[in-house]
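**Student:** The structure is given below, and queries will be raised subsequently.
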Amino acid sequence: MAALKQRLTGIDAARGLALLGMMSTHTMPLFDPGPGNPPSLVGLLYSGRSAALFAVLAGVGLALLSGRESPHAGPALAADRRAVAARAVVILAIGLSLGGLDVNVAVILVHYAVLFLCMLPFLGLPLRALSLWVTGWVLLSPVLAYLVRPQLAALLGAPRLSGNPDWDSVMSWESGWNALGDVLFTGYYPVVQWMTYLLFGLILGRLALSRLKVQLILIVAGGLVAFAAKGVASFFLDYLGGQQALLATDEAARWPLESLLQVDLAWVDQRGSWWWLATAAPHAGTTLDLLHTTGVAAAVLGVCLLVTRASPRVLLPLSGAGAMTLTLYSLHVWALSLTVHGLPPGWTPDLLFLAHAIGALLLGTVFALAGWRGPLELVAHAAAALAAHRRGAAITTPGRRRLR
């Protein structure tokens, strides 16, 4: 039991790090002023990696919910699927509500909810089958997206929403199709490629994460994969002429492409050259990007699990915040809407980040010490328990509110 609790606090701590990383990219500049908009330190370190870590850990949570190392089958698996679907509906409603706020960030929750629904068929698969699926997905989904995006542009005219998906966009027939295309293929978190993260997270959650050997493997193997993916991308772009080919596309005239290749390729229309698939740029959604970010996620999870082996509470502020990310992320987005038209006098982006981060850590610590669930976690948990047609305790892991 002690090892399990340590494992869970390590997972929550990693989720807390993902939350802080996303907050940093939402509040501080990703680019520094100057010719060519050079990347900022925040952009170089956290862009793409934090959100990917968040998604991988969602897959880990689904694995723990559905049987850990031995996936459930039969009625228990059916109950798991109903519980996950109910959570997804709650998250979807929250995401659409946050999408109506005036913010300059891409809200992840609608995509997150759709990803949960897409994972339902995979919950009962054993480790070997999941490994085959994730291998195929990481190799083929970027190619599929590359081929489909131009067809969406021709069919819909504007396959990307001008803002976040909200209630108005999904209720309109015309914008509803645009919202669907945005969520699946063209948005900031394209579900088709991002399914890789949750499939990989399911694999991680099927491992014996409390074992020291597994934790060390995650750190070493994750670091090697992340490093190798960037190395292969650099070889393709710098030595085989890929970057020059991309700089010759129409998109290079619209954007500071060299900086975007280091920080954020989400808003670039990746058409006109197959060399787009050779990048490992953040939010590129390519095979190399997916491999790099999943490698980073595995290494971070391994470190958090290792650190919490001796004392589950050693990272209490992080694990406390990570145990209620749905509430804290929603509060963060709402608070950003209050400053979207300008910061208070005397405030800087760094100070804004500190306010959000410290507030999240303090709230997480208080709720953890009190043994409380976050308010939105309570709603999601109740919906899942009701949908599963079993008592709420049966769909949680041992200990306090760990999964979302």
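**Student:** Is it true that some residue in segment 67-78 is in contact with a helix residue (DSSP H, G or I) (Cβ under 9 Å, 6 or more places away or on another chain) and of a type in the set (S, T, N, Q)?
**Tutor:** Looking through segment 67-78, none of the residues is in contact with a helix residue (DSSP H, G or I) (Cβ under 9 Å, 6 or more places away or on another chain) and of a type in the set (S, T, N, Q).
**Student:** I want to confirm something. Restricting to segment 225-244 and keeping residues that are under 21 Å from the mean Cα position of the chain (by Cα) and not aromatic (F, W, Y), which single residue is surrounded by the fewest Cβ atoms within 10 Å (Cβ to Cβ)?
**Tutor:** Among those that are under 21 Å from the mean Cα position of the chain (by Cα) and not aromatic (F, W, Y), it is K230.
**Student:** Scan segment 107-124 and report the pairs whose first residue is closer than 21 Å to W167 by Cα and whose second residue is of a type in the set (K, R) and in a helix (DSSP H, G or I), with Cβ atoms within less than 9 Å and a gap of 6+ or a chain change.
**Tutor:** Taking only residues 6 or more apart or on different chains, the pairs are A113/R87; F116/R87.
**Student:** Still on this structure, I have one more. Go through segment 25-81 and count every residue that is in a helix (DSSP H, G or I), under 22 Å from the mean Cα position of the chain (by Cα) and within 30 Å of L130 (Cα to Cα).
**Tutor:** 21
**Student:** Within segment 300-359, how many residues turn out to be within 30 Å of D166 (Cβ to Cβ) and within 17 Å of the chain's Cα centre (by Cα)?
**Tutor:** Going through segment 300-359 one residue at a time, the tally reaches 12.
Results for (1) buried (at least 19 other Cβ atoms within 10 Å of the Cβ); (2) closer than 26 Å to A284 by Cβ, shown as yes or no for each residue.
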| position | (1), (2) |
| --- | --- |
| A73 | no, no |
| S97 | no, no |
| V103 | yes, yes |
| S131 | no, yes |
| V134 | yes, yes |
| L140 | no, yes |
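**Student:** Now a separate question. Which residues, taken from segment 339-367, are within 27 Å of V90 (Cα to Cα), among the hydrophobic types (A, V, I, L, M, F, W, C) and modelled with pLDDT of 95 or more?
**Tutor:** The answer is A357, I358, A360, L361, L362, L363, V366, F367.
The values are calculated or read from the model by the stated rules, or taken from the named source; none is laboratory data. Bear in mind that the values here come from a model prediction, so they are computed numbers and not experimental data. Please note: Cβ atoms are built from the backbone with ideal geometry, for glycine as well, and neighbour counts cover all protein chains shown.
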